[in-house]
1. Of the residues in segment 71-81, how many are open to solvent by less than 80 Å² (accessible area, probe 1.4 Å) and out of contact with any Gly (no Cβ under 9 Å at 6 or more places or on another chain)?
2. Those residues that are of a type in the set (A, V, I, L, M, F, W, C) and over 23 Å from Tyr58 (Cα atoms), I need them from segment 115-142; list them, please.
3. Provide a single number: the residues in segment 82-109 that are open to solvent by less than 70 Å² (accessible area, probe 1.4 Å) and over 15 Å from Phe46 (Cβ atoms).
4. Quickly run through segment 77-103 and pick out the residues that are of a type outside the set (A, V, I, L, M), closer than 16 Å to Asp149 by Cα and either out of contact with any helix residue (DSSP H, G or I) (no Cβ under 7 Å at 6 or more places or on another chain) or in contact (Cβ under 8 Å) with a residue 40 or more places away in the chain (or both).
5. Considering each residue of segment 112-137, count those that are out of contact with any helix residue (DSSP H, G or I) (no Cβ under 8 Å at 6 or more places or on another chain) and open to solvent by 40 Å² or more (accessible area, probe 1.4 Å), and give that number.
6. For residues that are part of a loop (DSSP other than H, G, I, E, B) and closer than 20 Å to His127 by Cα, tally how many sit in segment 56-106.
7. Can you tell me which residues in segment 94-125 are aliphatic (A, V, I, L, M) and within 14 Å of the chain's Cα centre (by Cα)?
8. Going residue by residue through segment 43-55, is there one that turns out to be outside any helix (DSSP H, G or I), open to solvent by 50 Å² or more (accessible area, probe 1.4 Å) and in contact with a Gly (Cβ under 8 Å, 6 or more places away or on another chain)?
Amino acid sequence: MRVPALVPLLLIALTTSLVAQTSHSPDISAVRQSIDAGNAAYIAAFKNADAKALSQVYDLRGARLNEGGVVVRGRKAIQDDVGKFVATVGPVRVTLETKEVWLIDDNAYETGLWSYTFQPPGKAEQHIGGHYVTVWKKQPHGGWKIWADMGVPGT
């Protein structure tokens, strides 16, 4: 008869553990607001062809995963990489449409649709786009920055 007496104690212990975990979990709406603000800064930086402003949306050790398996890591490298692109094509109109956001520990995983529209000097307007995955990392003093992002190949 001692086993049934342990059941309520086990339930209390499990419930207390779950309440403690959820009380420290970030609020998805607050995380989503931070992601939306980061995406707005990303869009504005491309519109202004401002590679330095774009690099600030990324974590200090954040990365862009480019075509062909090329990884561009760190704000300076991202600034240089994007700077070369916008120097060639000019300002870029970016659209981002977030579809889903998941939270796991100090990371948020965002999926959605992206498009870039630009017109290099002397050429016709170009439009590229597809699906994307972005990993956002919680920052030590609050807010979220891009840890890694990529366009999904084949989309």
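The values are calculated or read from the model by the stated rules, or taken from the named source; none is laboratory data. Treat the numbers as computed from the prediction; the structure is a model and nothing was measured. Methodologically, a virtual Cβ is constructed for each residue, glycine included, from the backbone with ideal geometry; neighbour enumeration extends over all protein chains shown. Each accessible area value is taken on the protein alone, full model and side chains, heavy atoms only, with ligands, DNA and RNA left out. Shrake-Rupley method; radii C 1.70, N 1.55, O 1.52, S 1.80 Å.
1. Keep residues of segment 71-81 that are open to solvent by less than 80 Å² (accessible area, probe 1.4 Å), which gives 72, 74-75, 77-81.
With the extra rule that they be out of contact with any Gly (no Cβ under 9 Å at 6 or more places or on another chain), the set shrinks to 72, 77, 79-81.
The qualifying residues number 5.
2. Of segment 115-142, the ones of a type in the set (A, V, I, L, M, F, W, C) are 118, 124, 128, 133, 135-136.
If the condition is that a residue be of a type in the set (A, V, I, L, M, F, W, C) and over 23 Å from Tyr58 (Cα atoms), then Ala124 is the only one that fits.
3. We begin by selecting, within segment 82-109, every residue open to solvent by less than 70 Å² (accessible area, probe 1.4 Å); these are 82-83, 85-86, 89-90, 92, 94, 96, 98, 101, 103, 107-108.
Checking which are over 15 Å from Phe46 (Cβ atoms) leaves us with 98, 101, 103, 107-108.
Final tally of qualifying residues: 5.
4. First, the residues of segment 77-103 that are of a type outside the set (A, V, I, L, M): 79-81, 83-85, 88, 90-91, 93, 95, 97-100, 102.
Remaining after also requiring closer than 16 Å to Asp149 by Cα: 79, 81, 95, 97-100, 102.
The answer is Asp81, Thr95, Glu97, Thr98, Lys99, Glu100, Trp102.
5. Here the count works out to 12.
6. Initially, segment 56-106 is screened for residues part of a loop (DSSP other than H, G, I, E, B), giving 56-57, 66, 70, 74, 90-92, 105-106.
The next check asks that each one be closer than 20 Å to His127 by Cα; those that pass are 66, 90-92.
Number of matching residues: 4.
7. First, the residues of segment 94-125 that are aliphatic (A, V, I, L, M): 94, 96, 101, 103-104, 108, 113, 124.
Answer for segment 94-125, where residues must be aliphatic (A, V, I, L, M) and within 14 Å of the chain's Cα centre (by Cα): Leu96, Val101, Leu103, Ile104, Ala108, Leu113.
8. If we filter segment 43-55 for residues that are outside any helix (DSSP H, G or I), which is where we start, we get 48-50.
If we keep only those that are open to solvent by 50 Å² or more (accessible area, probe 1.4 Å) as well, we get 48, 50.
When the remaining residues are screened for being in contact with a Gly (Cβ under 8 Å, 6 or more places away or on another chain), the result is none.
No: segment 43-55 contains no residue that is outside any helix (DSSP H, G or I), open to solvent by 50 Å² or more (accessible area, probe 1.4 Å) and in contact with a Gly (Cβ under 8 Å, 6 or more places away or on another chain).
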